[in-house]
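Peer 1: This is the structure I want to talk about, given as structure tokens.
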Amino acid sequence: MRNGYKILWTEHALSELKNTIQYLEENWSKRELENFSRELDHTIELISKNPELFQVSKKKNVRRAVVAKFNSLYYRVNKKSIEILSLFSNRQDPDKIKI
């Protein structure tokens, strides 16, 4: 069994992650933040081991994994890596997704 694909974050996705964590720290409890963190880690692990597990999005060659009720992770599969393109808040207008 292979160890999984290498995970690479785009600058845009890292920026969205930072903003999401900041929002959660300000508006959610520490426990909820920890739960989100575990869900995100688990989702990334699943993607790394089986990148075709999640559905193809409307964007070509991009897949979407729902991390938690309010957040989706958009990623692209490359030959030896997974490129995380966006950590999008599902409460926003879907037309705002920048992939």
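Peer 1: Give the long-range amide H neighbours of Y5: residues separated by 5 or more places, or on another chain, with amide H under 5 Å away, using H modelled in the peptide plane at 1.01 Å from N.
Peer 2: Here K49 satisfy the definition.
Peer 1: Rounded to the nearest 10 degrees, what's the angle between the helix 30-49 long axis and the longest principal axis of the chain, both from Cα atoms, 0 to 90?
Peer 2: With both axes taken from Cα atoms, the answer is about 10 degrees.
Peer 1: Please name whichever of T20, Y75, L87 sits farthest to the positive end of the charge dipole of the chain, dipole taken about the Cα centre and charges placed at Cβ: Lys and Arg +1, Asp and Glu -1.
Peer 2: Working it through, the farthest residue towards the positive pole turns out to be Y75.
Peer 1: Same structure, new question: Length gain on complete extension for the stretch E45 to F70, per 0.36 nm per residue less the alpha carbon to alpha carbon distance?
Peer 2: Additional length available on full extension: 7.1 nm.
Peer 1: Right, something else. Once amide H atoms are built 1.01 Å from N in the peptide plane, which residues 5 or more positions from T10, or in another chain, come under 5 Å H to H?
Peer 2: I84
Peer 1: Can I ask one more? Dipole size in debye (nearest 20) for segment 34-76 around its Cα centre, Lys and Arg Cβ +1, Asp and Glu Cβ -1?
Peer 2: Using Cβ point charges on Lys, Arg, Asp and Glu, segment 34-76 gives about 400 debye.
Peer 1: In whole percent, how big is the carbon plus sulfur part of the accessible area of the chain, probe 1.4 Å, protein atoms only?
Peer 2: Within the chain, the accessible surface is 48 percent carbon and sulfur.
Peer 1: Let me ask you something else. I need the semi-axes of the equivalent ellipsoid of the chain: take the C-alpha gyration tensor, multiply each eigenvalue by 5, square-root it, list largest first in whole angstrom.
Peer 2: Equivalent ellipsoid of the chain: 22, 16, 11 Å, largest first.
Peer 1: Please state the charge dipole magnitude for the chain, taken about the Cα centre, from unit charges on C-beta atoms (+1 on K and R, -1 on D and E), reported in debye and rounded to the nearest 20.
Peer 2: 520
Peer 1: Quick one: 3J(HN,Hα) in Hz for segment 6-20, Karplus 6.51/-1.76/1.60 with θ = phi - 60°, rounded, Gly and Pro as x.
Peer 2: 6, 9, 10, 9, 6, 4, 4, 5, 5, 5, 5, 4, 4, 5, 5
Peer 1: Continuing with the same structure: Considering only DSSP beta bridges whose two residues both sit in the chain, what percent are antiparallel, to the nearest 5?
Peer 2: 75
Peer 1: Also: Please state the Cα pair-distance histogram of segment 18-67 with 10 angstrom bins from zero: what percent is in each bin?
Peer 2: Taking every Cα pair in segment 18-67, the percentages come to 24, 39, 30, 7.
Peer 1: How much FRET efficiency would the formula 1/(1 + (r/R0)^6) give for S37 and K58, where r is the Cβ-Cβ distance and R0 is 30 Å, rounded to 0.05?
Peer 2: Taking R0 as 30 Å, the efficiency between S37 and K58 is 0.60.
Peer 1: Right, another one. Taking the chain, how many lysine pairs are there with alpha carbons less than 20 Å apart, if each pair must be eight or more places apart or span two chains?
Peer 2: 22
Peer 1: State the extension gain, in nm to one decimal, for the chain segment bounded by Q22 and V77, taking 0.36 nm per residue of separation less the distance between their alpha-carbons.
Peer 2: 17.0 nm
Peer 1: Can I ask one more? Can you work out the accessible area per residue across the chain, with the rest of the protein chains kept in place, probe 1.4 Å, in square angstrom?
Peer 2: 70
The values are calculated or read from the model by the stated rules, or taken from the named source; none is laboratory data. This structure is a prediction, so every number in the text was calculated from the model and none was measured. Note that each Cβ is placed from the backbone with ideal geometry, even for glycine, and that neighbours are counted across all protein chains shown. Areas reflect the complete protein model, heavy atoms only, side chains present, ligands, DNA and RNA absent. Shrake-Rupley method; radii C 1.70, N 1.55, O 1.52, S 1.80 Å.
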